[in-house]
Amino acid sequence: WVHGIHVDRHDNVWITDLGRHVVMKFSPKGALLLTLGTYDKPGESPSNFYAPSSVAVARSGAVYVADGYGNQRVAVFDAESGKFKRMWSAFGNAPPATMAPKALDCQATCPPEVLSGRAAPASARNDG
């Protein structure tokens with residue numbers, strides 16, 4: 001169930017798959033380069049998602065994943081290695097009103113996460 005799609009500045013295509021609980025990075029020619037999450041294994045650890053809905057890549061190479069349907073969080077990874085960097089969620093270290101993130105945008109200097117109909121800006125110095 002492809003839900004979100006993002007093309008980064010290198011023309012790589014990032015796709016979120018709600019049903020399989022993964023985020024995939026494809027080259028401009030269609031080769032699978034990286035998979036974040038574990039196929040068909042929903043969860044709340046750094047290596048699992050629960051129906052990720054959106055992905056966006058910042059200029060810094062930070063990958064933001066809206067994992068809002070089940071985990072109510074935004075998880076951040078490195079675009080090249082896939083290494084987990086950090087997260088924030090409604091269950092703990094969240095900015096105000098981050099209850100169920102569904103869409104992301106990293107085009108602005110301070111990437112806004114559109115969460116539950118409200119924008120919760122993340123600090124630009126935390127963008128990577």
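A few remarks follow.
- The H on the amide N of residue 22, modeled in the peptide plane, is under 5 Å from the matching H of 17, each at least 5 residues off or on a different chain.
- Distance-filtered residues of region 35-55 - backbone nitrogen under 12 Å, label point 7 angstrom along residue 1 Cα→Cβ: 50-53
- For region 20-90: rounded, prolate or oblate by the Cα gyration tensor [a/c cutoff 1.5]: oblate
- Sequentially through region 22-37, phi angles give Karplus couplings (6.51, -1.76, 1.60; θ = phi - 60°) of 9, 10, 10, 10, 10, 5, x, 8, x, 6, 5, 9, 7, 10, 9, x Hz, Gly and Pro residues having no value and appearing as x.
- With the simple spin-label model, which puts each label point 7 Å out from Cα in the Cβ direction, the residue 13 to residue 85 separation comes to 2.5 nm.
Just so you know, all these numbers are worked out from the coordinates, no wet-lab data involved. Keep in mind it's a predicted model, so treat the numbers as computed, not measured. Positions of Cβ are backbone-derived with ideal geometry, glycine not excepted, and every protein chain shown enters the neighbour counts.
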